[in-house]
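The values are calculated or read from the model by the stated rules, or taken from the named source; none is laboratory data. Quantities reported herein were computed from a predicted structural model and do not represent experimental measurements. All Cβ positions, even for glycine, are placed from backbone atoms using ideal geometry, and neighbour counts span all protein chains on display.
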Amino acid sequence: SNIWYPDDLWHLALSAELMRSVPPDMPQLAGNTFFYHWFSNAHVAAMTWTTGLDLPVVFLRLWMAPVIALAVGVVFAVTEQLSRRTWPGAVAALLLGSQAALFPTWLSLPGFSAFGLHSPSQVFSIPILGLALHSLVHVLRDRRVGAGRWVLLVLSLAGASGAKSSVVPVLLCGVMLALLVALVANRPRVPRLLAVLGVCLVLVVFTALLTAGSSAGVIVQLFSTVRSSQPWVIMTGTGSPFSKAPILPGLDAQGAPKLLLLVLLSWALGYAWAVPGIRALERHDLSGWLLLGVGLGGFAAMMLLSQDGLSQVYFMSGAVVALYPLAGWGLSLAWDAAASSAGPGSALRWSLVGAGSAPALLVIWRTLSGPRPTAVELNGSLLRGLVVPALVACVLVAASVVSRRSGRGSVGPLAFLAVGWLVVTAALVPRSVPGVGAPLPPGTETTFVVVGLLVVVGALVSLFGVPSRAGLPRPTATVAANVLLGLAVVALVVTEAGLFQTSMQAPPLKSALRVSVAETTAARWLEANSEPDDVVATNVHCRLKRTVPHCDARAFWVSALTQRRALLESWAYTASAHERHGVGGRAYSQQPFENPKLLALNEAAFRAPTTQNLAALESRGVRWLFADTEAGPVSPELSQRAELVHESGPVKIFRLR
């Protein structure tokens, strides 16, 4: 038996639905068209058809790893395209693979991981987003853009809109920033950017119409995501989950404005590994502005919007993918500037100094911040956590001033290169290292063994070459880059596998959250003995099995494991439930079903079956009844009015006559 995360079951049911219908219906509420992004589920369905394997096997074991590997490869390709070198691509791939974030203290904030363990749509959107960025860079850089490039760009943007509705809006922000810079400093690129802007706007409108369900429960609330952060919860004692005020609730509390400022500074500091990208912000090449605009757009959306399931974070989870190539490319440009002014030997030495000082500074940073504070100590802890970054920034500014005023032009570029490697290395330090961040769940230790071995191999390989004016010799750089890329892929896949194994561990035998072996067996029997278009009625609606008022209506496992549509299973993810979030002081998942008559008809078929109510179900397309006594009472009369065809533990399956 297993405890399933609700979203995994929901996506599994949707993948099964896409094997029989495009566009899909809501598998948990038959007869209702599904308005959401579903390209990832269609890809799972296609992989199931292609391999001939069982859908749950494909979804749980086979699908995610190659998509993650593809995402890493695409980020590598975009960075190599920008820098025309391989090693910056490896840096970007490592940043993606390590879920880079500068949080060596007790503080942890969302928006730094491009991948979502329980979000196939987010995972699937990353390689498509990378393809769109690759196409956009061509449009910005090439003297002439052929029809093929434009077609590829439009297709990648359309694919991104169907993969995840949060992708195109952040790309639109990047295009708008690049257009703004072009209007000031690079007017020849304005017509192209206007054309791209038009395509993005059309797709945003198109996406809004076809994926209307993805906007359910979304409101505008300034700094909304801050309310779920650790500091805000420590101060207020609650995340104020039901507030629909236009601005973050709780700002009238003593010390709240200062806390908000400190949290925002700490949040922005978490992305300090992107600082090297400053080198890429040029007026002649708008690619850097495009990438920066995507990142800023994602952060702005995360802070301006509020969704009852915290889904506004996905804007930043997608946008952060643009910052990885920006950081890798920026390091490459910083190397060029330092090597040209002081020589490649000095550039290499300063790079090693910057990277080597990262662990010591992280320890000092964590020591200054201290352990998790109380509400009284909160602001002080966050303020002390800014001391080390402030000192590093002062050193960088001082070096720049000295470089300009003393005539020693190499000081500034060398200092910037050192700081670039410092922030990148600090962000790559594994969070499982004692004293640096929170440990990962068990099962991921192999990741760090592999990482350590590959780092040693990469270091040995790099020693075979002697730095030249262009950096490492191309063969050596290529091999080292491939080693680092492999490291990133292995780290990601092994980490994701370890997390998934942890989340799927067998629960305590008495846990009401579990889907038992008997229940799973019954569901799989129905999948094997029914037609794909058959509709099932079930009395399972609540995640804790027993059907009670205002339960957590996120069961989803009947439609997922039977791979059949349910007349009425669970309704927590419907637009109506999201819109009622907070009514009666209850979350969207605890709101009542919007159609009480249909619910009453469904329940009566199990509790008090009659010829009339069973006929009413049959008229709605129902052919099977999936009755679970753990969810509610099942009348003995049901065996007289329908054919009992299978029994497994608490589950009885009936076929309507």
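What the table below lists for this structure:
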{"quantity": "Exclusive hit being farther than 29 Å from Arg641 by Cα, crowded, with 24+ Cβ neighbours inside 10 Å and not small (Gly, Ala, Ser), set Tyr588, Tyr573", "calculated": "Tyr588"}
{"quantity": "Residues within segment 536-546 that are modelled with pLDDT of 95 or more and over 20 Å from Gly621 (Cβ atoms), tallied", "calculated": "1"}
{"quantity": "Segment 1-22: number of residues that are free of Cβ contacts under 8 Å to residues at least 40 places away in the same chain and not in a helix (DSSP H, G or I)", "calculated": "3"}
{"quantity": "Yes/no for Glu569 being acidic (Asp, Glu) and either over 21 Å from Ala522 (Cβ atoms) or in a loop (DSSP other than H, G, I, E, B) (or both)", "calculated": "yes"}
{"quantity": "Which listed residue is in the same structural domain as Val218 (by TED's automatic domain parsing) and closer than 22 Å to Ala327 by Cα, from Leu107, Leu129", "calculated": "Leu129"}
{"quantity": "Residue in segment 531-553 that is on the phi > 0 side of the Ramachandran plot, assigned to a loop (DSSP other than H, G, I, E, B), within 25 Å of the chain's Cα centre (by Cα) and crowded, with 24+ Cβ neighbours inside 10 Å present", "calculated": "no"}
{"quantity": "Lone unmet requirement of (1) touching a Leu at 6+ places or on another chain (Cβ under 9 Å); (2) surrounded by fewer than 19 Cβ atoms within 10 Å (Cβ to Cβ); (3) of a type in the set (A, V, I, L, M) for Leu417", "calculated": "(2)"}
{"quantity": "Residue within segment 170-192 that is over 21 Å from Gly309 (Cβ atoms) and assigned to a loop (DSSP other than H, G, I, E, B) present", "calculated": "yes"}
{"quantity": "Within segment 23-41, tally of residues that are under 25 Å from the mean Cα position of the chain (by Cα) and either crowded, with 19+ Cβ neighbours inside 10 Å or modelled with pLDDT under 90 (or both)", "calculated": "13"}
{"quantity": "Test for Leu305: is it free of Cβ contacts under 8 Å to residues at least 40 places away in the same chain and either assigned by TED's automatic domain parsing to the domain that holds Ala575 or of a type in the set (A, V, I, L, M) (or both)", "calculated": "no"}
{"quantity": "Number of the exception - Phe593 against (1) touching a Ser or Thr at 6+ places or on another chain (Cβ under 9 Å); (2) at pLDDT below 95; (3) more than 24 Å from Ser516 (Cα to Cα)", "calculated": "(2)"}
{"quantity": "Selection count where residues are assigned to a helix (DSSP H, G or I) and surrounded by 24 or more Cβ atoms within 10 Å (Cβ to Cβ), scope segment 289-312", "calculated": "9"}
{"quantity": "Selection count, segment 108-119, where residues are surrounded by fewer than 23 Cβ atoms within 10 Å (Cβ to Cβ) and in contact with a helix residue (DSSP H, G or I) (Cβ under 6 Å, 6 or more places away or on another chain)", "calculated": "7"}
{"quantity": "Criterion (touching a Leu at 6+ places or on another chain (Cβ under 8 Å) and over 30 Å from Trp267 (Cβ atoms)) met by exactly one of Pro56, Pro104", "calculated": "Pro56"}
{"quantity": "Checklist (1) part of a helix (DSSP H, G or I); (2) in contact with a His (Cβ under 6 Å, 6 or more places away or on another chain) applied to Leu96, failing item", "calculated": "(2)"}
{"quantity": "Segment 597-652, residues that are under 38 Å from the mean Cα position of the chain (by Cα) and surrounded by 21 or more Cβ atoms within 10 Å (Cβ to Cβ)", "calculated": "Asn602, Val622, Trp624, Leu625, Phe626, Ala627, Asp628, Ala631, Val651"}
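Listed here are the residues, each with its yes/no results for (1) touching a Ser or Thr at 6+ places or on another chain (Cβ under 9 Å); (2) assigned to a loop (DSSP other than H, G, I, E, B); (3) of a type outside the set (D, E, K, R).
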| residue | (1), (2), (3) |
| --- | --- |
| Gln28 | yes, yes, yes |
| His37 | yes, yes, yes |
| Ala42 | yes, no, yes |
| Ala45 | yes, no, yes |
| Leu53 | no, yes, yes |
| Pro56 | no, no, yes |
| Arg61 | no, no, no |
